[in-house]
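Novice: The structure follows.
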Amino acid sequence: MSEQIVATSKVAGTWAWFLQRLSAILLVIFLGIHLYAAHFMGVSAETGDEPLLSYEEVSLRLDQVLYIVVDYGMLSMVLLHGLNGLRTVMLDFDMFVRRRKLVDVGLWVVGIATMIWGIVILWPFITG
């Protein structure tokens, strides 16, 4: 049985590598901002039966541009990082290398659909 060599673009691999590192750095930054903003900014000494976070409080936070940018930025970077990593793993297998365009289109569709879903889910909080 002879081996079949499939040509791949070094430029596409370089961009995937670069975007994986960039999305990881941005994820750490967005996560740090999110943790600080959600858990340390305006922390009050609430005790008792009342929950620390309520729908109204989250809605008030999402009236601010910082929270919207951080939440949507984190969502987009998680999707980019995760789907790009999945693409890399899938292209390590011969059966997917031959169908690279199909893998790319499929992951783009999943990413865009998930981003739209995330926007729709956060929208009621933003609009109050």
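Novice: With respect to PHE96, determine if the residue is touching a Ser or Thr at 6+ places or on another chain (Cβ under 6 Å) and part of a helix (DSSP H, G or I).
Specialist: no
Novice: Is there a residue being more than 18 Å from ALA24 (Cβ to Cβ) and polar (S, T, N, Q) anywhere in the range 64-79?
Specialist: Yes, the conditions are met somewhere in the range 64-79.
Novice: Let me ask something else about it. Within the range 86-121, count every residue that is under 17 Å from LEU19 (Cα atoms), touching a residue at least 24 places away in the same chain (Cβ under 8 Å) and charged (D, E, K, R).
Specialist: Result for the range 86-121: 1.
Novice: Looking at ASP63 and the list (1) surrounded by 12 or more Cβ atoms within 10 Å (Cβ to Cβ); (2) in a helix (DSSP H, G or I); (3) of a type outside the set (Gly, Ala, Ser); (4) modelled with pLDDT under 90, which single condition is not satisfied?
Specialist: Only one criterion in (1) surrounded by 12 or more Cβ atoms within 10 Å (Cβ to Cβ); (2) in a helix (DSSP H, G or I); (3) of a type outside the set (Gly, Ala, Ser); (4) modelled with pLDDT under 90 is unmet by ASP63, namely (2).
The values are calculated or read from the model by the stated rules, or taken from the named source; none is laboratory data. A quick note: this is a predicted structure, and the numbers were derived from the prediction, not measured. Here Cβ is always computed from backbone atoms with ideal geometry, including for glycine, and neighbour counts include all displayed protein chains.
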